[in-house]
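K.L.:
Here it is: the structure, laid out below.
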């Protein structure tokens with residue numbers, strides 16, 4: 001299985017989010033810099049008695065930011081698809097079924113990304129799953145993810161927001177067995193976010209983990 005399908009169709013939007021009534025293949029969208037929608041889903045769970053954030057390490061075959069650390073679930077919205085339908089990405093990428101009723105909306109992020117050969121302008125819809133996920137039951141999709149990492153939430157602000165390092169736990173699976181091994185997590189390994197996205201998301205997640213409802217925000 002390939003990490004992505006360059007012929008997958010995306011709906012096109014203005015930067016403000018108004019639909020243009022046009023569709024283009026993924027490869028052309030990332031070539032031409034058309035605005036399109038994507039989903040970011042933050043997941044957390046309990047490990048060693050403490051809350052941990054789930055991060056994914058993107059596969060080497062991804063057309064954007066290969067092998068970088070990223071939010072637990074990150075996927076494009078296909079042409080004609082609703083955000084609710086895009087939750088399929090959670091099961092496809094990490095083996096977790098997520099229902100719309102389990103989600104809290106954190107905000108909207110307009111993210112322009114320009115690198116050689118890729119112009120990726122995304123309208124990212126940001127959500128978090130309110131309940132803890134069973135971390136040892138997660139299953140990474142090998143075509144899309146190199147690994148799944150759990151980062152202690154106590155270290156999330158300084159790693160994601162300040163670019164520092166901490167000891168995370170990498171999920172290892174062998175048949176029906178699953179366990180975690182220590183692995184250093186560096187903020188420099190994350191998909192770059194010079195707009196302060198990670199610090200904003202961590203602040204909202206802190207409210208959510210304390211039982212509150214974070215106020216939705218916009219970035220960009």
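The values are calculated or read from the model by the stated rules, or taken from the named source; none is laboratory data. Predicted model only: the values in this text are computed from it and were never measured. All Cβ positions, even for glycine, are placed from backbone atoms using ideal geometry, and neighbour counts span all protein chains on display.
K.L.:
Filter the range 147-176 down to the residues that are under 24 Å from residue 90 (Cβ atoms), in a strand (DSSP E or B) and modelled with pLDDT of 95 or more and list them by number.
P.N.:
Within the range 147-176, 147, 148, 149, 150, 151, 152, 168, 169, 170, 171, 172 meet the criteria.
K.L.:
Name the residues in the range 17-26 that are exposed (fewer than 14 other Cβ atoms within 10 Å of the Cβ), in contact with a strand residue (DSSP E or B) (Cβ under 9 Å, 6 or more places away or on another chain) and without any contact (Cβ under 8 Å) to a residue 24 or more places away in the chain, would you?
P.N.:
Within the range 17-26, 19, 20, 21, 22 qualify.
K.L.:
Sort through 112, 132, 140 and tell me the only one that's in a loop (DSSP other than H, G, I, E, B), in contact with a strand residue (DSSP E or B) (Cβ under 9 Å, 6 or more places away or on another chain) and closer than 20 Å to residue 75 by Cβ.
P.N.:
Checking each option against the conditions leaves just 140.
K.L.:
Among the residues of the range 95-105, which ones are more than 16 Å from residue 75 (Cβ to Cβ) and part of a strand (DSSP E or B)?
P.N.:
Correct list: 104, 105.
K.L.:
Provide a single number: the residues in the range 163-182 that are in contact (Cβ under 8 Å) with a residue 12 or more places away in the chain and either over 16 Å from residue 47 (Cα atoms) or surrounded by 14 or more Cβ atoms within 10 Å (Cβ to Cβ) (or both).
P.N.:
Summing the residues that are in contact (Cβ under 8 Å) with a residue 12 or more places away in the chain and either over 16 Å from residue 47 (Cα atoms) or surrounded by 14 or more Cβ atoms within 10 Å (Cβ to Cβ) (or both) in the range 163-182 gives 11.
Yes or no, residue by residue, for (1) modelled with pLDDT under 95; (2) surrounded by 16 or more Cβ atoms within 10 Å (Cβ to Cβ); (3) closer than 26 Å to residue 15 by Cα:
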site: 97; (1), (2), (3): no, no, no
site: 103; (1), (2), (3): no, yes, yes
site: 107; (1), (2), (3): no, yes, yes
site: 119; (1), (2), (3): yes, no, yes
site: 131; (1), (2), (3): no, no, no
site: 138; (1), (2), (3): no, yes, no
site: 144; (1), (2), (3): yes, yes, no
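K.L.:
Now for a separate question. Which of the residues belonging to the range 27-65 are over 30 Å from residue 131 (Cα atoms), crowded, with 17+ Cβ neighbours inside 10 Å and modelled with pLDDT under 95?
P.N.:
Matches in the range 27-65: 30 only.
K.L.:
Using the structure shown, decide if residue 79 is part of a loop (DSSP other than H, G, I, E, B) and either modelled with pLDDT of 95 or more or surrounded by 13 or more Cβ atoms within 10 Å (Cβ to Cβ) (or both).
P.N.:
Here the answer is yes, as residue 79 does meet what is asked.
K.L.:
Take the conditions at pLDDT below 95, more than 22 Å from residue 186 (Cβ to Cβ) and either in a loop (DSSP other than H, G, I, E, B) or in contact with a strand residue (DSSP E or B) (Cβ under 6 Å, 6 or more places away or on another chain) (or both) and apply them to residue 89. Does it pass?
P.N.:
Yes.
K.L.:
Out of curiosity, is residue 155 surrounded by 14 or more Cβ atoms within 10 Å (Cβ to Cβ), closer than 22 Å to residue 31 by Cβ and in contact with a strand residue (DSSP E or B) (Cβ under 7 Å, 6 or more places away or on another chain)?
P.N.:
The answer is no for residue 155.
K.L.:
Still on this structure, please answer the following. Counting just the residues of the range 36-76 that are closer than 21 Å to residue 154 by Cβ and part of a loop (DSSP other than H, G, I, E, B), which one comes out nearest to the chain's Cα centre (by Cα)?
P.N.:
Across the range 36-76, the extreme among qualifying residues is 72.
K.L.:
Determine, yes or no, whether residue 21 is at pLDDT 95 or above, assigned to a strand (DSSP E or B) and on the phi > 0 side of the Ramachandran plot.
P.N.:
yes
K.L.:
What about residue 214, is it touching a helix residue (DSSP H, G or I) at 6+ places or on another chain (Cβ under 6 Å), part of a loop (DSSP other than H, G, I, E, B), within 20 Å of residue 40 (Cβ to Cβ) and at pLDDT 95 or above?
P.N.:
yes
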